[in-house]
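Read the structure below first, then the notes.
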Amino acid sequence: MKRVITYGTFDLLHYGHVRLLERARSLGDYLVVAVTTDDFDIARGKINVQQSLAERMDAVRETGLADEIIVEEYEGQKIDDIQRLGIDVFTVGSDWVGQFDYLKEYCEVVYLDRTEGVSSTQIRSERKRMRLGLVGDVPFLAKYLSESTYVNGLEVRGVCAKRLEGLQDSLRSLEIVTSSIDELLAGVDAVYIASAPEEHYWQIKKALSQGVHVLCESPITLDVRSYEELEHLADTRGIRLLEAIRPAYSTAFKRLCLLVKSGVIGRVTAVDATCTSLSEGLGSSSKIPAGAWGSMGEWGPIAMLPVFQILGTGFIDLQMTSRRFDTKEPLDAFSRAEFVFPDAVASITVGKGVKSEGDLVVSGTRGYAYVPAPWWKTDYFELRFENPADNRRYFYQLDGAGVRNQLASFVLMVENGLETRYIAPETSRAIVKVMSDFVDGRNVTQIS
Ligand code: CTP
């Protein structure tokens, strides 16, 4: 019996895929189809796959052309599959000509002519696009615009900023450029909000009331009651309200949390996260630029993410220490928050006027997880043990500083109604609570 294997993503299964499977099958008597996992696709640069692995496998199964369906998860798996499954023929479409010649050592390699005029990418891009609006006065809005070009099904339509003259050229050439949030909301399906935290509440409320989905920089609001009100509004109207903490969407961070929770480093006893960035203009001058964020405002939610995602939100004590910039404005140059949980402790250290090592350490009873600086942009982490021979390193792809994955996840959630919560609602709520304590000076000791 001649056994044939072929590989692919098979997203939004189309005529080209079916024709390929038919011809693959006719090359032998038994056809194995390997479907790629979402993570493997991301690592290969395909970030917009619309259907889940299960849906894509179901679609291949429904063609009735596959005798066996397997999953392709990692680079280098093909040789192993060919040997393990006793494969005689490896085949893929002609878009791959030459790329799999190295497999000729193990079996016959056949490149089949690709069907002209159809591809998953084309089908994805023809689907209705989500029109996104950007809100805020921060320079990294331009990053969201440039990264959006890598995400199928998304089009940045406009921007709403207080100071239009401060916008970069790329933003200024968008279709809608306005200082009125109402004008922006009227022309978009979703907004990314990166305004000052005090403005979030009313901006989000307006957006949700008009049926516009929201991706918002953290903290979503500055008090728990208004956060809950917005969450309720989003739920009852079936609209997405997502927190834009970038590391939450990165594969390395998600894997780190899962590994730690699975007990590989024993019982987690401490989580310590540091995030700092020295900002020009802050600290040195006597006047703080309008719209500038302090250390907790800019870094607090990011630093709290691993604490709450790993330890939960049931802390029983919280003490904060903070130092302001040498100005009249109440912006913090440095802050630290120390949490006590019934069975663990955690600390976050954040600074815009103080520099430190921006790493993340999760300490356990058997070993620890170490994410080197800058941990919030990580594509890499280590698990370390008493015996260095047991240490393990993990690498993952991270493109576009995490913005790309975040936008792709947002589109998938809005378009396909995917329920995946990258950030647990309790985490969002706890972040709001800590931020409101900080802003109101509860449990905060000021140092000079
Ligand atoms: N294929 C084909 N003809 C097409 C499209 C795909 O023969 N018009 C083949 C590919 O060469 C590959 C298999 O189908 O062997 C699975 O391809 P996949 O990458 O999943 O599909 P594409 O439509 O090429 O997806 P994308 O646009 O995301 O690259």
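The values are calculated or read from the model by the stated rules, or taken from the named source; none is laboratory data. If you're wondering where the values come from, they're calculated on a predicted model, not measured in any experiment. Every residue, glycine among them, receives a Cβ derived from its backbone with ideal geometry; neighbour counts consider all protein chains shown. When the accessible area is computed, the model is the full protein with side chains, heavy atoms only, and any ligands, DNA or RNA have been set aside. Shrake-Rupley method; radii C 1.70, N 1.55, O 1.52, S 1.80 Å.
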For this session: Exactly one condition in (1) under 24 Å from GLU199 (Cα atoms); (2) in a strand (DSSP E or B) is not met by GLU298; state its number.
Result: (2)
Exercise. Do we have any residue at all in segment 30-44 that's surrounded by 17 or more Cβ atoms within 10 Å (Cβ to Cβ) and more than 16 Å from the ligand (Cβ to nearest atom)?
Worked result: yes
Problem set entry | In segment 106-125, residue farthest from the chain's Cα centre (by Cα) [restricted to those that are more than 17 Å from VAL92 (Cβ to Cβ) and surrounded by fewer than 15 Cβ atoms within 10 Å (Cβ to Cβ)] | GLY117
Problem set entry | Residues located in segment 114-127, provided they are over 15 Å from TYR7 (Cα atoms), part of a loop (DSSP other than H, G, I, E, B) and either more than 7 Å from the ligand (Cβ to nearest atom) or not polar (S, T, N, Q) (or both) | GLU116, GLY117, VAL118, ARG127
Problem set entry | Hey, GLY86 away from the ligand (no atom under 16 Å from the Cβ), open to solvent by less than 70 Å² (accessible area, probe 1.4 Å) and either small (Gly, Ala, Ser) or under 23 Å from LEU27 (Cβ atoms) (or both) or not | yes
Problem set entry | First in segment 155-168 and in contact (Cβ under 8 Å) with a residue 40 or more places away in the chain, second anywhere and loosely packed, with under 14 Cβ neighbours inside 10 Å, Cβ under 7 Å, 6 or more apart | LYS162/SER179
Seminar exercise, completed: Within segment 169-184, residues being farther than 28 Å from GLY45 by Cα, of a type outside the set (Val, Ile, Thr) and open to solvent by less than 10 Å² (accessible area, probe 1.4 Å) number 1
Exercise. Could you say which residue among GLN406, GLN397 is in contact (Cβ under 8 Å) with a residue 40 or more places away in the chain and in a loop (DSSP other than H, G, I, E, B)?
Worked result: GLN397
Exercise. Quick one: how many residues across segment 236-265 are open to solvent by 20 Å² or more (accessible area, probe 1.4 Å), in a helix (DSSP H, G or I) and under 21 Å from ALA207 (Cβ atoms)?
Worked result: 3
Seminar exercise, completed: (1) within 12 Å of the ligand (Cβ to nearest atom); (2) surrounded by fewer than 17 Cβ atoms within 10 Å (Cβ to Cβ); (3) modelled with pLDDT under 95 all hold for GLY76 apart from (1)
For this session: Please enumerate the residues belonging to segment 430-448 that are over 17 Å from GLU298 (Cα atoms), in contact (Cβ under 8 Å) with a residue 12 or more places away in the chain and of a type outside the set (Ser, Thr, Tyr).
Result: ASN443, VAL444, GLN446, ILE447
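Looking at segment 340-350, can you tell me whether even one residue there is more than 27 Å from THR445 (Cα to Cα) and surrounded by fewer than 17 Cβ atoms within 10 Å (Cβ to Cβ)?
No - not one qualifying residue is present in segment 340-350.
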Problem set entry | Residue selected from segment 351-383 under the condition in contact with a Gly (Cβ under 6 Å, 6 or more places away or on another chain) and surrounded by fewer than 17 Cβ atoms within 10 Å (Cβ to Cβ), by the criterion nearest to TYR144 (Cα to Cα) | ALA373
For this session: Would you please name the residue that is surrounded by the most Cβ atoms within 10 Å (Cβ to Cβ), looking only at residues in segment 266-291 that are assigned to a loop (DSSP other than H, G, I, E, B) and at pLDDT 65 or above?
Result: SER279
Exercise. Filtering segment 128-141 down to residues that are open to solvent by 20 Å² or more (accessible area, probe 1.4 Å) and under 21 Å from the mean Cα position of the chain (by Cα), which residue is nearest to the ligand (Cβ to nearest atom)?
Worked result: ARG129
For this session: Restricting attention to segment 207-222, report how many residues are crowded, with 24+ Cβ neighbours inside 10 Å and either without any contact (Cβ under 8 Å) to a residue 12 or more places away in the chain or among the β-branched types (Val, Ile, Thr) (or both).
Result: 3
For this session: Could you grab me the full set of residues in segment 47-66 that are surrounded by 14 or more Cβ atoms within 10 Å (Cβ to Cβ) and within 15 Å of LEU31 (Cα to Cα)?
Result: MET57, VAL60, THR63, LEU65, ALA66
Exercise. If a residue has to be at pLDDT 95 or above and open to solvent by 30 Å² or more (accessible area, probe 1.4 Å) to count, how many in segment 147-168 make the cut?
Worked result: 1
Problem set entry | Leading residue by the ranking (nearest to the chain's Cα centre (by Cα)) among those in segment 189-202 that are open to solvent by 10 Å² or more (accessible area, probe 1.4 Å) and modelled with pLDDT of 95 or more | ASP189
For this session: Considering only segment 1-20, state which residues are among the hydrophobic types (A, V, I, L, M, F, W, C), near the ligand (Cβ under 8 Å from one of its atoms) and more than 32 Å from the chain's Cα centre (by Cα).
Result: LEU20
